[in-house]
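Trainee: Please read through the structure below; I'll follow up with questions.
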Amino acid sequence: MALLQVKMVNKSFSGLTALNNVNLDVEEGSVHAIIGPNGAGKSTLLNCFVGRLTPDTGTVLFNGKSLIGLPPHRINQEGVVRVFQTPEIFADLSLYENVMIPTLARRDGHFALNAWSRADAQIKVREKVEHILDDVGLADARHVLAGTLSRGDKRRLELAMCLVQDPKLLLLDEPTAGMSRADTERTIELLKRIGERRITKIIIEHDMQVVFSLATRISVLAQGTVIAEGDPAAIKGDARVQEAYLGGAQF
Amino acid sequence: MTHTVKRDRMLVGGFALAVLTMPVWMTPLGAGYPDLLQRFAIYGIFAIGFNILFGLTGYLSFGHAVFLGVGSYAAVWSFKLLSMNVLPAVLCAMGVSGLFALAIGYISLRRSGIYFSILTLAFAQMAYNLAYSVLTPITNGETGLKIERVDPRLIDTWLSGPSTLIPSTNFFGMPMSGYSGFFFCAVLLIAAFYVALRIARSPFGAMLRAIKSNQNRLNYAGVHTRPYALTAFVISGIFAGLAGGLLAATDPLAGAERMQWTASGEVVLMTILGGVGTQLGPFVGAVIIKYAENIFSAFNPQTLHGIFAFLPDPIEDVVVTVTGLFVGNGWQLTLGTLFMLLVIFLPGGVIEGARRLGVLIGRKTAALRGRRSQPLGSALPASGAASE
Ligand SMILES: Nc1ncnc2c1ncn2[C@@H]1O[C@H](COP(=O)(O)OP(=O)(O)O)[C@@H](O)[C@H]1O
Ligand SMILES: [Mg+2]
C-alpha cells in the first residue's frame, strides 16, 4: 500500500478548475516529483494534503487514514510536514528558537502546559536543534533574527524546521526557488543526505537538474490534470510532456 | 538562548531589592507614602499579567479591567461572608476572575486582531453595565460593595465570636493599611514578576512568542494554537484578579468604575509605555502612570496661580487656563500627550530607551579607551535584545 493515496481529487475556485480528478500514489521511501507549468495546480494539491484547503471531492489517505477535514496541526502530528513556496518562518525570533519550536511541538504534541521548566535547559532538544542547524549550514547564525536572513537562507531554515520534526512525508514546494546556483547545489546535496534517512518526499520543482538528480518518480500536472506519470527516464522521453510542459525544449 | 539561569536570578534579585526599598528611594520623589506605593505594586501586578497575554502572544485585550473589577467584588464578598483575612479574599479573587477569563477568552479568541480586541471591549462594557443594573444584588450598584458590621464573616465569627465593630482587613493580624499593606502587595508583586519570568523562559512561553510571530507556521508545525492563547488569557486574567483583590484588600470597597473602558485602556498604556514584551517594562509603565496621575491630578487653579504668579496678570490667566486643561481631572490629557510622544519617538517604550542609552554610553566609553567601538556579537541583531 502506498504511503499517500490520492484518489479523484477535484478542487475549483469560483468556476476555475484547479484540480481535475487527480490520482497519485506516493510509495514509502520514494522521492516523488510533481512538475508542471505555473498555475498547473501543484501548490493547490499540496494545500489539499496539509489541511489548508479541503478538496471538493475525492480522498486523501495517509497510512490508510483520511486527512480530509483534519486541521493542519493534526495532519502535522501524523507526520506530514510541509515547506511552503514562500518561506513561513518566525521572522522576529532567533534561528535557534525557530528550530526549537517545531522540535518542542514534535516532542510535546499539539498542546502541553510546560510553563515552569526552562526552554534552554532541555538538553535533548538543544542537541537536536544544534545538529540540524549545523546540517543546513546555519549554525553560526543561531542567534540572528530569522527575518534578517536572505531568501535562500530562509528556505534552508524552514527546511531545518521541517526536518527536525522527523517527518514521515515531507512536502517541498519549490525548495530551491530564489536560491543562487551554489545554494541550490548545497540544498540538493542536503536533500540527498536526508534521502539516506529514507524520508518519503514530494517535491515540486521547476529546475529540471534538481528534479532529475533527486526524483525516483515523476508526475506531470497541466491545468489540474495529471497528464503523465512514470520514472524519470520514461518522463524524459514522453512526447506529451515535451509538448505540454517543456514546449519541446531541452532537458 | 542567551538567558542564563544566573542572569535571571540577578534580574529577580535586583527587582525584589528595588521594590522592597521603594519606601526609601521614592521619598525624595515625593511618592514615599504607603497609599501610592501600594498602587504601584498592585498596578504593577496588573500590567505584568497583561504583558503575558499582550507581550507574548500579541493578542491585545481592551477589556482586561473586567478581571480587575471581578477580583475586587470577589474579595469584598470574601470579607463579608468568610473572613477579614486577605488570604481567602485574594484566593477568591484569583479563582473567580480566572473563571471569567476562561469564559470571555474562550469566546473572544475565536477571532484575532482587531476583532478580538473589540470582543474583549464589548465583554468589559457589558460587565460594567450589568454591574450597575441587573447585578445590583451582587455589586450594590452605584454605591459600590462595602463591608458592614452585620456581615456574617463565618470564619471570623466561628473563631472569635461576633464582633461589635467593623474589623479591618488583615493578613493573620497584620493590618493591610500603611506600610505593612505595601509590603504584602510588594511580596506578591515580586512573586508575580518571578512567575511571569518563568513563563517567558519556558517552552510554553516560546509557543506564545511563536503565536505572535507567525500563527500560521505554528499551526503547520503541529501546534494547536488556541489552547495556548486561552491559557495565556486565563493566566493574565488571574493576575488581574489578584490585582483587583489587592485593591479591595487595601481599601475594602468595590465599584463598577474599576471595570470601565478607561481602566482597560490604562493597562494597555502602562505596558506600551514601559515596553511591550519586556520583563521590567510593564511595572515601570505602571509606576510612571500612577506617579504622573498622582502629581498632575493634585494641581488645581489655585496651585497653578501660585506657580505662575510671576507673570503679568492677563498672561497669567491665559497660562493658567491652558495648563489647567492638563491637570486635575484633565490629567489624562497630559498622559495622552506623553503617550503619543513616546509611541512616535520611542516605540519600544522606556526599557528600550534605557537599553539604547546603555549601548550609546558603552560605545562612547569604548571609543574613549581607543578600542574598537563594538564587540563582535552586538553587531548582529541579538535575539534576546528585547527581553530586558
Ligand atoms: N486560494 C485560491 N483562490 C483562488 N484561486 C486560486 C487559489 N489558489 C490557487 N488558485 C488558482 O488555481 C490555479 C493553480 O494554482 P497553483 O496551485 O498555485 O499553481 P502552481 O503551484 O502549479 O503554480 C491558478 O490558476 C491559481 O490562480
Ligand atoms: Mg506553486
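Trainee: Which order results if B:GLU293, A:GLU189 are arranged by neighbouring Cβ count within 10 Å, fewest first?
Mentor: Ascending Cβ contact count within 10 Å gives the list A:GLU189, B:GLU293.
Trainee: Follow-up. For chain B, what mean projected area does the convex hull of the alpha carbons give, in nm²?
Mentor: Directional mean of the projected Cα hull area for chain B stands at 24.4 nm².
Trainee: How compact and how long is the protein assembly as shown, expressed as Rg and Dmax of its alpha-carbon atoms in Å?
Mentor: For the protein assembly as shown, the Cα radius of gyration and maximum Cα-Cα distance read 30.4, 102 Å.
Trainee: Among B:92-100, B:233-241, how do they line up by average Cβ neighbours within 10 Å per residue, starting with the highest?
Mentor: Ranked from most to least packed, the peptides come out as B:233-241, B:92-100.
Trainee: What number, in percent, do you get for the relative contact order of chain B if the mean sequence gap of Cα pairs under 8 Å and at least 6 apart is divided by its residue count?
Mentor: 27
Trainee: Turning to a different aspect of this structure: With charges set only on the Cβ (+1 for Lys and Arg, -1 for Asp and Glu), what does the dipole of chain B come to about its Cα centre, in debye to the nearest 20?
Mentor: I would put it at about 1980 debye.
Trainee: Please list A:76-85, B:327-336 highest first by mean number of surrounding beta-carbon atoms within 10 Å per residue.
Mentor: Going by the mean number of other Cβ atoms within 10 Å, highest first, we get A:76-85, B:327-336.
Trainee: Counting pairs of alpha carbon atoms under 8 Å apart in space and at least six apart in sequence, what relative contact order in percent does the range B:26-96 give?
Mentor: 20
Trainee: Ignore the peptide's own chain and count Cβ atoms of other chains within 10 Å of each Cβ in A:118-130; give me the average, rounded.
Mentor: Averaged over the peptide's residues, the number is 3.
Trainee: Here is a further query. Taking each residue in A:72-82, count the Cβ atoms of any other chain within 10 Å of its Cβ, then average. What number comes out?
Mentor: Whole-number average of other-chain Cβ neighbours for A:72-82 is 4.
Trainee: Picking from A:GLN165, A:GLN223, A:GLN122, which is most flexible by a Gaussian network model of chain A using Cα springs under 10 Å?
Mentor: In the Gaussian network model the winner is A:GLN122.
Trainee: Neighbour counts of other C-beta atoms within 10 Å: give me B:MET126, A:MET100 arranged from fewest to most.
Mentor: Arranged by neighbour count, lowest to highest, B:MET126, A:MET100 become B:MET126, A:MET100.
Trainee: Now a separate question. Can you list the HN-Hα couplings for the range B:186-192, worked out from phi with the Karplus curve (6.51, -1.76, 1.60; θ = phi - 60°), rounded to whole Hz and with x for Gly and Pro?
Mentor: 5, 5, 5, 4, 5, 4, 4
Trainee: Now a separate question. At R0 = 45 Å, how high is the FRET efficiency between B:VAL150 and B:LEU29 if r is their beta carbon distance? Nearest 0.05 is fine.
Mentor: After rounding, the FRET efficiency stands at 0.55.
Trainee: Right, next: Once you list every other residue whose beta carbon is under 15 Å from the beta carbon of B:SER177, what net charge do they have if Lys and Arg are +1 and Asp and Glu are -1?
Mentor: Combined, the nearby Lys, Arg, Asp and Glu give -1.
Trainee: Okay, next question. Taking the Cα centre of the protein assembly as shown as origin and charging only Cβ (+1 Lys, Arg; -1 Asp, Glu), how large is the dipole, in debye to the nearest 20?
Mentor: Computed charge dipole of the protein assembly as shown: roughly 1160 debye.
Trainee: Projecting each Cα onto the charge dipole of the range B:2-273 (Lys/Arg +1, Asp/Glu -1 at the beta carbon, about the Cα centre), which of B:LEU119, B:SER202, B:LEU68 comes out farthest on the positive side?
Mentor: B:SER202
Trainee: Comparing B:TYR106, B:TYR115, B:TYR43, which has the greatest mean-square fluctuation in the GNM of chain B with Cα pairs linked when under 10 Å apart?
Mentor: The residue with the greatest mean-square fluctuation here is B:TYR115.
Trainee: Find the eigenvalues of the gyration tensor of the Cα atoms of the range B:209-365, then list the square roots of 5 times those eigenvalues as equivalent ellipsoid semi-axes, largest first, in whole angstrom.
Mentor: Its equivalent ellipsoid spans semi-axes of 38, 24, 14 Å.
Trainee: Mind putting a number on the dipole of the range B:1-126 about its Cα centre? Charges go on the C-beta only, +1 for Lys and Arg and -1 for Asp and Glu, and I need it in Debye to the nearest 20.
Mentor: Around 220 debye, computed over the range B:1-126.
Trainee: So if I average 1/r over every pair of distinct C-alpha atoms in chain A and take the inverse, what Kirkwood radius in Å does that give?
Mentor: Kirkwood radius, chain A: 18.9 Å.
Trainee: Would you mind counting up the charge near A:ALA2? Only other residues with Cβ under 10 Å from its Cβ, with Lys and Arg at +1 and Asp and Glu at -1.
Mentor: -3
Trainee: In what order do A:THR148, A:THR57 fall by count of nearby beta-carbon atoms within 10 Å, going from fewest to most?
Mentor: By the 10 Å Cβ count, ascending: A:THR57, A:THR148.
Trainee: Still on this model: What average count of beta carbons from other chains do you get within 10 Å of the Cβ of residues in A:89-97?
Mentor: 5
Trainee: Which one, B:THR157, B:PHE100, B:VAL24, projects farthest toward the positive side of the charge dipole computed for the range B:2-273 from Cβ point charges (K/R +1, D/E -1)?
Mentor: B:PHE100
A short reminder: the numbers here are calculations on the coordinates, not readings from a lab. Nothing here was measured: the structure is a model prediction, and the numbers come from that model. Cβ: placed from backbone, ideal geometry, glycine included. Neighbour counts: every protein chain shown.
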